[in-house]
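What follows is calculated from the coordinates using simple rules that are stated; it is not laboratory data. The shown structure was predicted, so the numbers you read here are calculated from the model rather than taken from an experiment. Cβ sites come from the backbone with ideal geometry, for glycine too, and all protein chains shown count toward neighbours.
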There are 2 protein chains.
Amino acid sequence: MTGYALPIKRLIKELGKLPGIGEKTATRLATHILRASEDDARRLAECVMDMKARIRLCSVCFNLSEGDHCEICTDTSRDRKVICVVEEPDSLIAIEESGSFRGVYHVLHGALSPLDGVGPENLRIQEFLRRVGENNVEEVIIATNPSVQGEATALLINKCVKDLGVKVTRIALGVPVGGDLRYTDRMTLAKSMEFRRGI
Amino acid sequence: MTGYALPIKRLIKELGKLPGIGEKTATRLATHILRASEDDARRLAECVMDMKARIRLCSVCFNLSEGDHCEICTDTSRDRKVICVVEEPDSLIAIEESGSFRGVYHVLHGALSPLDGVGPENLRIQEFLRRVGENNVEEVIIATNPSVQGEATALLINKCVKDLGVKVTRIALGVPVGGDLRYTDRMTLAKSMEFRRGI
């Protein structure tokens, strides 16, 4: 990118910070934007800022939300007695797309990972336990990823929730071990919801 | 992306317009930006707008430029008697990075492609011929791509420039340095045999 004018170089550098985007791809994207219409470029820039400005976390389940409560928490047709616990909003989206769940969610925003300095205090676990304690919850479905960190998180939540006398289930291993919910097809996800078992 | 809030969906849609970015990748980029710092997101958005606002075409060679004349055209150490003709600014950058040329450029912004409706009038050919006629140019090096469109463009420029009595050359076609004959297509091999030179 040595030869490009400074404003182009700067955009290449910023695009290069995105995951999976190296310098070659960033250069291709930047030169595409350069050739694109003024309107397209403005919309892209505005959407970035608009999303950052408008998206916050639901005060109930910590899902990404435009308002204080997310769409799912405000939907009166959802069964509030069943809470599905996920690591990230992406997992929630994946489960929603599988169409296999009509309860509500709780997003932890991570999984236990002592090596990366992520302990229980860095996840939304306190808020979750308070929620379970106050809301006559009948079942907690743990849908953390089937990874070491996800399983450790599942064990911790299981222990805490069992103490409250609430039934705990774990999504079935039908999701490939070591995989990520984001990249699992909806059939597999639906099966893993259907075959959830007591732990 | 059904489940994402509207501002996220909109960004995913805009990112999906970029080349080589499908819905999955766009979603991954958008959720990354969502997690990124406010500063990083603002810089990205600003760089997009800044680049669109500040980059225009050099009035001499039609290279991308911040001012009326590009860096190469304002560089007094470059040899103005030799003009290298390229299809796109990317080609210019590639040649600059090879460090093999000290003359100046002319960017056509495309190549002849009748099927796509690109004729001579859509390229910067008139401007180029005027420039050659007015500036005591000694050599024109045609560095359009070695594709059907690039070769057609090269033939046209060759014809026009020859009429002005100026020497015209074409970059050599052959086996890429570091390449392997086994994996070189037969057209390239045929060219590299045809254009073999004494050593």
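Using alpha-carbon positions, what is the distance between the centroids of region B:119-151 and region B:10-81, in Å? Comparing the Cα centres of region B:119-151 and region B:10-81, I get a distance of 26 Å. Tally Lys/Arg at +1 and Asp/Glu at -1 over every other residue whose Cβ is under 10 Å from the Cβ of B:L57; what's the total? Counting the neighbours of B:L57, the net charge comes to +1. Rounded to the nearest 10 degrees, the angle from helix A:125-134 to the longest Cα principal axis of chain A is 40 degrees.
Relative to the longest principal axis of the Cα atoms of chain B, the long axis of helix B:6-15 makes an angle of roughly 10 degrees.
By the gyration tensor of its Cα atoms, with a ≥ b ≥ c the square roots of the eigenvalues, what is the shape of region A:76-172: rounded for a/c under 1.5, prolate for a/b over b/c, or oblate? Verdict is oblate for region A:76-172. The alpha-carbon of B:K17 sits under 22 angstrom from the alpha-carbons of these lysines, leaving out residues fewer than 8 places away in its chain: A:K9, A:K13, A:K17, A:K24, A:K52, B:K9, B:K52.
Projecting 7 Å from Cα along the Cα-to-Cβ direction, the label point of B:P176 sits 3.0 nm from its equivalents in the other copies, listed shortest first.
Taking A:A41, A:A111, A:A154 as the candidate residues, the one with maximal mean-square fluctuation in a Gaussian network model of chain A, Cα springs under 10 Å, is A:A41. Among B:L108, B:L64, B:L11, the residue with the largest mean-square fluctuation in a Gaussian network model of chain B, with springs joining Cα atoms closer than 10 Å, is B:L11.
The Cβ shell under 13 Å around B:I93 holds other residues with a net charge of -4, Lys and Arg each +1, Asp and Glu each -1. A simple rule links phi to the HN-Hα coupling: the Karplus curve 6.51 cos²θ - 1.76 cosθ + 1.60 with θ = phi - 60°, which for region B:161-176 gives 6, 4, 4, 8, x, 9, 5, 10, 10, 10, 4, 5, 9, x, 6, x Hz, with x for Gly and Pro.
Across the protein assembly as shown, Cα-Cα pairs more than 41 Å apart make up 38 percent of the total.
Near B:I141, the amide H atoms lying under 5 Å from its own belong to B:I83, B:C84, B:V85, B:T169; only residues 5 or more places off or on other chains count, and H is placed 1.01 Å from N.
How large is the translational diffusion coefficient of chain A in µm² per second when you combine the Kirkwood radius over alpha carbon pairs with Stokes-Einstein at 25 °C and 0.890 mPa s? Let's see the in-between values first.
Numbers: Rh = 19.0 Å.
Calculated translational D: 129 µm²/s.
Of the residues B:I55, B:I33, B:I72, the one that moves most in a GNM of chain B with alpha-carbon contacts below 10 Å is B:I33. Sorted shortest first, the distances from the A:R130 label point to those of the same residue in the other copies are 7.2 nm; each point sits 7 Å from Cα along Cα-to-Cβ. Comment: the Cα-to-Cβ extended label point of A:R35, at 7 Å, lies 3.3 nm from its counterparts in the other copies, nearest first. In loop segments of region A:74-164 as defined by DSSP, the GluC sites (Glu not before Pro) with at most 15 further C-beta atoms inside 10 Å of their C-beta are A:E138.
How charged is the neighbourhood of B:G3? Take every other residue with its Cβ under 10 Å from the Cβ of B:G3, and add Lys/Arg as +1 and Asp/Glu as -1. Display every interim value, and only then the final one.
On the way: positive: B:K9; negative: A:E71, A:D90, A:E96, A:E97.
Once positives and negatives cancel, what remains is -3.
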